[in-house]
Amino acid sequence: MAHPSPLSPSSPVKPLVVIAADRVERYGHQAHALLHGYVDAVVSISRGMPLALPADETAIDLASLIAHVDGVVLTGSPSNVSPHHYGETAVAQEVMLDPARDATVLPLVKALVAAGIPVLGICRGFQEMNVAWGGTLNTAVHEKPGAIDHREGDQSRPVQDWYQDCHSVEILAGGVLSGLCEEKNVLVNSLHHQGVEKLGTGLKVEALAPDGLVEAFSVEGAPGFALAVQWHPEMRVHDSDLARKIFEAFGEACRQRSVIRAQSCMAGR
């Protein structure tokens, strides 16, 4: 039996998922970059069609995103949200910032969630969502008394080893994650030095680290999927049950959004 070509009109239409990019420099040029792990997770597990969301506020039209997009992934990044966005001024010299991404994502995310577009925040994306909802960040969570070290450790190891499980999280009852995972305690990876200091208004804690640090939250009353995690499930979707289920649930929400969007387009004709 012949299989339909990827360009065939009979091929199933996949939901459009935009993945937030970082502003970087390549060969002396300004560029937009995202890691392949997010693309792979969206394609292989969420079964979506990935597109890059450039870190350029002048390139983004909110109304067009809401009209045409079925899901958004806010990615992790080596860069951090600039502290002035949550009322702080001090920035350590070694901290990498990405003001172009801040200017793009922070004004968008609440409107996207309010419009019912599924949003999955990961690591930096988790922190962006907390700041967008009025929360604050601690720039060195490992320095707090009684804290565990949430950083990735020895960077001379193969990159894949950075994403191995290193501490547990407690999944709280009655949330999005508890609906995906029967276990109360699961192991996750950890590659961050910043974390939630004050949780944003309207965010619901979904998981906690053993030292009490918020590791996941959802948006209370959101009309669609709106979940953020501090760890990196995108790098473990092929060998972690919880990581796979997060991207499956996100993908299903994107498909539901795609159907609603298609019906709305048909009704408007």
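The values are calculated or read from the model by the stated rules, or taken from the named source; none is laboratory data. Owing to the predicted nature of the structure, the values given are computational and were not obtained by experimental measurement. Every residue, glycine among them, receives a Cβ derived from its backbone with ideal geometry; neighbour counts consider all protein chains shown. Remember, those area values only see protein heavy atoms, side chains included, never the ligands or the DNA or RNA. Shrake-Rupley method; radii C 1.70, N 1.55, O 1.52, S 1.80 Å.
Considering only DSSP beta bridges where both residues belong to the chain, give the percentage that are antiparallel (nearest 5). Don't jump to the answer; show the numbers that get you there.
On the way: 22 of 38 bridges.
Close to 60 percent.
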Could you list the square roots of 5 times each eigenvalue of the Cα gyration tensor of region 17-116, that is, the equivalent ellipsoid semi-axes, sorted largest first and rounded to whole Å? 24, 17, 13
Simple SL model, points at 7 angstrom along Cα→Cβ for T201 and A90; separation in nm is 2.7
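Roughly speaking, what is the stretch gain from C181 to L51, that is 0.36 nm per residue apart minus the C-alpha to C-alpha distance, in nm to one decimal? Could you put the intermediate results ahead of the total?
Details: separation 130, 0.36 × 130 = 46.80 nm, distance 2.87 nm.
Answer, rounded to one decimal: 43.9 nm.
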Which value, in Å², gives the accessible area per residue of the chain when a 1.4 Å probe is used on the protein heavy atoms? 49
Taking Cα pairs under 8 Å and at least six residues apart, what relative contact order does the chain come out at, in percent? 21
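Taking the Cα centre as origin and putting +1 on Lys and Arg beta-carbons and -1 on Asp and Glu beta-carbons, what dipole magnitude results for the chain, to the nearest 20 debye?
Values: 20 positive and 31 negative charges, 205 e Å.
That gives the chain a dipole magnitude of about 980 debye.
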Using a Gaussian network for the chain with springs between C-alpha atoms less than 10 Å apart, which of these wobbles most: E234, E252, E182? E182
Among A90, V113, A20 the positive-end extreme of the charge dipole of the chain (Cβ point charges): V113
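Counting only C-alpha contacts under 8 Å and six or more residues apart, can you give the relative contact order of region 13-84 as a whole percent? The partial results should precede the final answer.
Values: 93 pairs, mean separation 32.1, N = 72.
Contact order relative to length: 45 percent.
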How far apart, in nanometres, would the label points at D165 and V43 be if each is projected 7 angstrom from Cα along the Cα-to-Cβ direction? 2.8
Tell me, how many Å apart are the Cα centres for region 205-269 and for region 53-119? 17
Assuming 0.36 nm per residue, please report the length gained on full extension of the stretch A140 to V259 beyond their Cα-Cα distance. 38.6 nm
Region 84-129, dipole about Cα centre (Lys/Arg Cβ +1, Asp/Glu Cβ -1), debye to the nearest 20: 200
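Is the shape of region 157-228 best called rounded, prolate or oblate, per the rule: a/c under 1.5 gives rounded, else a/b larger than b/c gives prolate, else oblate, with a ≥ b ≥ c the square roots of the Cα gyration tensor eigenvalues? List each step's numbers first, then the result.
Working: a/c = 1.89, a/b = 1.53, b/c = 1.24.
Prolate, because a/c is 1.5 or more and a/b exceeds b/c.
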Dividing the alpha-carbon radius of gyration of the chain by 2.2 N^0.38 Å (N being the number of residues), what value is obtained? 1.00
